[in-house]
């Protein structure tokens, strides 16, 4: 992985020439689907940072590594990690397609703890900034606006009522073949919210300059269109509808 200092320096140099749409929010707010579709509509690349942390979590689980405070051993595992995010949404770890494993119960139960480790967040931030420096991106996660891209041109914070988020996540799990009750998903979301918002390194929070979007009761198309209109109005992306 690239060093954090070198990556940050390159990012600072390139940031004025880069277009970044940063989308944050809690689990189940619809960030991934909205960001992916928004990126396609704008003609930007899509950066799924949640998938990156899930992939790291999967990698650690595969290596039966649980001692997250053992930084020497963790450094070794991170050094051998080769993460590849494909344009079609597939995620590869060391050449293996792990996409279908990223929403497993095992990964779900560990990803918040893994994401809270400062060393891991440092490595992921460096990679995220390197990816963004090569062209316009829509980046979604939990600290895109506040930490990774604090000067992003467009910042949004997506939220929804916990019950709504649980319903959406439950539907997503059913589509992926994971059998779990909606009440269990709601409990998982409550735990994830607590862990993400109380971790020491880059806790989940709404950046002061981020536009708050409550997606409760809105379908994906409506949210995507809302964000697209706001980005287009500020000079980003392409606007075939407005040019006809």
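Observations on the model:
- Test for residue 56: is it modelled with pLDDT under 95 and surrounded by 20 or more Cβ atoms within 10 Å (Cβ to Cβ): no
- The residue list 230, 206 contains one member that is in a loop (DSSP other than H, G, I, E, B), on the phi < 0 side of the Ramachandran plot and in contact with a strand residue (DSSP E or B) (Cβ under 8 Å, 6 or more places away or on another chain), which is 206.
- Condition met for residue 157 (within 16 Å of the chain's Cα centre (by Cα), modelled with pLDDT of 95 or more and either surrounded by fewer than 16 Cβ atoms within 10 Å (Cβ to Cβ) or closer than 26 Å to residue 89 by Cα (or both)): yes
- Of all the residues in region 82-98, those that are more than 15 Å from residue 131 (Cβ to Cβ) and either part of a loop (DSSP other than H, G, I, E, B) or in contact (Cβ under 8 Å) with a residue 40 or more places away in the chain (or both) number 5.
- Residue match in region 113-124 (condition: without any contact (Cβ under 8 Å) to a residue 24 or more places away in the chain and more than 29 Å from residue 226 (Cβ to Cβ)): no
- Test result for residue 105, at negative phi and within 15 Å of the chain's Cα centre (by Cα): no
- Checked against (1) within 21 Å of residue 144 (Cα to Cα); (2) without any contact (Cβ under 8 Å) to a residue 40 or more places away in the chain; (3) assigned to a loop (DSSP other than H, G, I, E, B), residue 66 passes all but a single condition, namely (1).
Table: residues versus (1) surrounded by 15 or more Cβ atoms within 10 Å (Cβ to Cβ); (2) free of Cβ contacts under 8 Å to residues at least 40 places away in the same chain; (3) within 21 Å of residue 23 (Cβ to Cβ).
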| site | (1), (2), (3) |
| --- | --- |
| 172 | yes, no, yes |
| 177 | no, yes, no |
| 181 | no, yes, no |
| 191 | no, no, no |
| 199 | yes, no, yes |
| 207 | yes, no, yes |
| 223 | yes, no, yes |
| 226 | yes, yes, yes |
| 231 | yes, no, yes |
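The values are calculated or read from the model by the stated rules, or taken from the named source; none is laboratory data. Treat the numbers as computed from the prediction; the structure is a model and nothing was measured. FYI the Cβ positions are ideal-geometry reconstructions off the backbone, even for glycines, and counts take in every protein chain you see.
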